[in-house]
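A.B. asks: Next up is a structure, given as structure tokens.
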Amino acid sequence: MTNSIWWLRIVAFIEGLSAIALFFGAMPYRAFTGDHTPVSIAGRIHGGLFTLFCLVLVFAWCRAGWKFPQVVKLFFSAVIPFGWLVYHKWLKSEAIRTSDD
């Protein structure tokens, strides 16, 4: 079994990439063409990944024993565009430091 923090890091990275695809791919396409389909698809994918991020965050919080303020910072790093980049390196060091297999 893989470390829950490792999973959080992977999900945060993919969720961040989906935000980039939404903001810099689907939304400009809609602005130029008026077609809302790509935004609808990318938005649903991004929303699903954000929900998955929240679930994995709670799971990692329970397993790693972080304090509540740290979890709040991690949550807001996912809400703020590109905020996941701030904690990506820290999560890597946490994944190496802890092992909950």
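A short reminder: the numbers here are calculations on the coordinates, not readings from a lab. If you're wondering where the values come from, they're calculated on a predicted model, not measured in any experiment. As a convention, Cβ positions derive from the backbone with ideal geometry for all residues, glycine included, and neighbour counts pool all protein chains shown.
A.B. asks: All but one of (1) buried (at least 16 other Cβ atoms within 10 Å of the Cβ); (2) in a loop (DSSP other than H, G, I, E, B) hold for E94; state the number of the condition that does not hold.
C.D. replies: Checking E94 against (1) buried (at least 16 other Cβ atoms within 10 Å of the Cβ); (2) in a loop (DSSP other than H, G, I, E, B), the one that fails is (2).
A.B. asks: Now for a different question. Please indicate, with yes or no, whether at least one residue in the stretch 31-42 is within 14 Å of S4 (Cα to Cα), in contact (Cβ under 8 Å) with a residue 12 or more places away in the chain and of a type outside the set (D, E). Even if it seems obvious, please write down each step before you answer.
C.D. replies: Of all residues in the stretch 31-42, those within 14 Å of S4 (Cα to Cα) come to none.
Within the stretch 31-42 (the criterion being within 14 Å of S4 (Cα to Cα), in contact (Cβ under 8 Å) with a residue 12 or more places away in the chain and of a type outside the set (D, E)), the answer is no, since none of the residues qualifies.
A.B. asks: Checking the conditions here, which among V72, V79, V39 is touching a Lys or Arg at 6+ places or on another chain (Cβ under 6 Å) and farther than 21 Å from I96 by Cα? Talk me through it step by step, then tell me what you get.
C.D. replies: On the way: V72 fails: touching a Lys or Arg at 6+ places or on another chain (Cβ under 6 Å); V79 fails: touching a Lys or Arg at 6+ places or on another chain (Cβ under 6 Å).
None of the other options fit; the residue is V39.
A.B. asks: With the requirement that a residue be aliphatic (A, V, I, L, M), under 12 Å from V11 (Cβ atoms) and in contact (Cβ under 8 Å) with a residue 40 or more places away in the chain, what does the stretch 51-73 give you?
C.D. replies: L52, V56, L57, A60
A.B. asks: How many residues are loosely packed, with under 13 Cβ neighbours inside 10 Å and within 30 Å of H88 (Cα to Cα) when one looks only at the stretch 30-40?
C.D. replies: Residues of the stretch 30-40 that are loosely packed, with under 13 Cβ neighbours inside 10 Å, as a first pass: 31-37, 40.
Those left that are additionally within 30 Å of H88 (Cα to Cα): 40.
The total comes to 1.
A.B. asks: Here's another thing I want to ask about it. If you check V79 against the conditions, is it under 10 Å from the mean Cα position of the chain (by Cα) and among the β-branched types (V, I, T)? Give the derivation first.
C.D. replies: Working: under 10 Å from the mean Cα position of the chain (by Cα): yes; among the β-branched types (V, I, T): yes.
Spelling it out, V79 is indeed under 10 Å from the mean Cα position of the chain (by Cα) and among the β-branched types (V, I, T).
A.B. asks: Looking only at the stretch 57-91, filter to residues that are surrounded by 16 or more Cβ atoms within 10 Å (Cβ to Cβ) and small (G, A, S); which one of those is nearest to S4 (Cα to Cα)?
C.D. replies: Among them, the one singled out is A60.
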